[in-house]
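Below is one structure, written out as structure tokens; comments come after it.
The values are calculated or read from the model by the stated rules, or taken from the named source; none is laboratory data. A quick note: this is a predicted structure, and the numbers were derived from the prediction, not measured. Cβ placement follows ideal geometry from the backbone for every residue including glycine, while neighbour counts extend to all protein chains displayed. For accessibility, only protein heavy atoms count, side chains too; no ligands or nucleic acids. Shrake-Rupley method; radii C 1.70, N 1.55, O 1.52, S 1.80 Å.
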Amino acid sequence: MSAPESGTDAVSENLYEVDAVDPLHRLVDRSGMSADDIEQIGRLMRGIADLRAAEQRLTEASQKYMKLSQQDMRAIQYLIVASNHGTMVTPGMLAAHLQISAASTTKLLNRLEDGAHITREVHPADRRAFVVRVTPGTMESAMDTVGRQHAKRFDSAARLTAEQRDIVIDFFRDMTEQLSLDDVAWAEDI
């Protein structure tokens, strides 16, 4: 299991402080910013790191509890949402969502079926295809444990005003765009 991002030593405590990461101002232009603004942005970056660490701990705990891999968990989540929407899922749909090959999808489905997490049935409209469904037991187990824990994020968002949520949404969209690897030369071959 990953350790939390925050630590007790001076290095750990300053991992997200811009002056510690970029003391020569090579990466971040902070001219015209007050010391308070810079310190607050550091706290914001620490908050994002702490959120990522909490999500990672939850992901790891849920995988251990469900005895599934991260890919398996993503498949189960997709199948639960599809079930809630009354959507029939084919192996091709699941492969496209998970961005894996047909062969990898077959292995994943075999593993999930062997673990009694899914069923495969002949597609009612196309007898050559299959429909994949999450089993009621796996759905209940996931909803009562992992799903319930993830759902607590809704409460945090609900406590914000509509205007505050719009600010957070815009912030996350902007940060996602800033972190995009599109047109980043060093990442092209990865």
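Table for the structure above
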{"read-out": "Where labels lie 7 Å past Cα in the beta-carbon direction, separation of HIS97 and VAL21 in nm", "value": "3.3 nm"}
{"read-out": "The chain, accessible surface, carbon-and-sulfur percent (1.4 angstrom probe)", "value": "55 percent"}
{"read-out": "Relative contact order %, the range 94-170, counting alpha carbon pairs below 8 Å whose residues are six or more apart", "value": "16 percent"}
{"read-out": "P(r) weight above 17 Å for the range 109-190, C-alpha pairs, percent", "value": "72 percent"}
{"read-out": "Computed label-point distance, nm, for sites ASP182 and ALA116 using a 7 Å Cα→Cβ extension", "value": "4.7 nm"}
{"read-out": "Among LEU24, LEU98, LEU58, residue whose mean-square fluctuation peaks in a GNM of the chain (springs only between Cα atoms under 10 Å)", "value": "LEU24"}
{"read-out": "Per residue convex hull volume, Cα atoms of the chain, in Å³", "value": "194 Å³"}
{"read-out": "Viscosity 1.002 mPa s, 20 °C: Kirkwood-radius Stokes-Einstein D of the range 79-148 over Cα pairs, µm²/s", "value": "170 µm²/s"}
{"read-out": "Å² per residue, accessible surface of the range 60-102 at 1.4 Å", "value": "57 Å²"}
{"read-out": "Orientation-averaged projected area, Cα convex hull of the range 1-104 (nm²)", "value": "10.7 nm²"}
{"read-out": "LEU44 versus SER31: modelled label distance in nm, points set 7 Å from Cα along the beta carbon direction", "value": "2.1 nm"}
{"read-out": "Structure-based [θ]222 nm, the chain - -39500 (n - 2.57) summed over DSSP H runs of at least 4, per residue, nearest 500", "value": "-18500 deg cm²/dmol"}
